[in-house]
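Undergrad: Take this structure, written in C-alpha cells, and hold onto it; I'll ask about it next.
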Amino acid sequence: MKKRPDNVVYDESLQEYTPSKKEYPTNVGAPAFEPMKDNKLTAHKADTYFSSRLLELKDEYKELIEEYNWTKLVYEATYSFEPLPGEPYYLYEKEDKSIFLSLIGPTEWEQCYIGTFKLLNSGKWEKV
C-alpha cells in the first residue's frame, strides 16, 4: 500500500482518486457546509399537508364507493327499455323489495321512489 497524504481522497478498492464522487467537501478550498437544521415549523406544515390530503382522499374514496353502489343498484334493477345517456330515469322499489327502473316520474304515480338517475357516456349512473 502506497502512503498518501491525509487530504488526498483515494479509494484503495477502486484504485482511483474519488473526490468528485463524495457527497461532502473533500479539500480545504471546498465551500463550507453545515448540517441541516431541524425546522419544526416546516415539519408542522408537512404534517398538516399530509393530514389534509389524507382527509381529501378519504372523502374521494367515500364518494367513489357511493357512486359505485348507486351504479350497481341501477344495473341490477329490472327495466324493459334501452336507456339513453343524459336522460332522466326513476328508480323504484316494489312491495316484494325488487328494484325497477322506469320512465315514469314519481309525481305521476304511487310507487316507493328511490331516486332519479341519468346514464353517463362512461356507463356510470349518476344520481340526480
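Where a number appears in this text, it was derived from the coordinates with a stated rule and is not lab data. These figures come from a predicted structure and were not determined experimentally. Neighbour counts run over all protein chains shown; Cβ positions are idealised from the backbone, glycine included.
Undergrad: Straight distance only, please: which aspartates and glutamates reach the Cα of K58 with their own Cα at less than 15 Å, same-chain residues fewer than 8 apart left out?
TA: Once the sequence-local aspartates and glutamates are set aside, what remains near K58 is E66, E67.
Undergrad: Under a straight-distance cross-link criterion of Cα-Cα below 22 Å, which lysines are reachable from K21, leaving out those fewer than 8 residues away in the same chain?
TA: By straight Cα distance, K21 reaches K2, K3.
Undergrad: Compute log10 of I(q)/I(0) for the chain with the Debye formula, placing one identical point scatterer on every Cα and leaving out solvent, at q = 0.13, 0.17, 0.20 Å⁻¹, to two decimals.
TA: Values, matching the q order: -0.75, -0.94, -1.10.
Undergrad: Just want the answer: with Cβ charges of +1 for Lys and Arg and -1 for Asp and Glu, which residue in P31, L103, N121 is farthest toward the dipole's positive end in the chain?
TA: P31
Undergrad: Using the structure shown, select from K62/K127; K97/K124; K40/K62; K62/K124; K94/K127 the pairs with a Cα to Cα distance greater than 21 angstrom.
TA: Pairs exceeding 21 Å: K97/K124; K40/K62.
Undergrad: Applying a 10 Å radius around every beta-carbon, put 87-94, 118-125 in order of their mean neighbour count, most first.
TA: In descending order of packing, they fall as 87-94, 118-125.
Undergrad: Run the simple label-point estimate for Y113 and T26 please: 7 Å along Cα→C-beta, distance reported in nm.
TA: About 7.9 nm, to one decimal.
Undergrad: Starting from the Cα of K37, draw a straight line to each of the lysines and keep only those under 17 Å, dropping any in the same chain fewer than 8 residues away.
TA: By straight Cα distance, K37 reaches K45.
Undergrad: When DSSP beta bridges are limited to those with both residues in the chain, what percentage is antiparallel, rounded to the nearest 5?
TA: About 90 percent, rounded to the nearest 5.
Undergrad: Could you work out [θ]222 nm for the chain from helices alone, using -39500 (n - 2.57) per DSSP H run of at least four and dividing by all its residues? Round to the nearest 500 deg cm²/dmol.
TA: That calculation yields -10500 deg cm²/dmol at 222 nm.
Undergrad: Note down the magnitude of the dipole of the chain about its Cα centre, charges +1 on Lys and Arg C-beta and -1 on Asp and Glu C-beta and zero elsewhere, to the nearest 20 debye.
TA: Magnitude of the dipole: close to 960 debye.
Undergrad: Helix 40-76 versus the longest principal axis of the chain: what is the Cα-based angle in degrees, 0 to 90, to the nearest 10?
TA: 30 degrees
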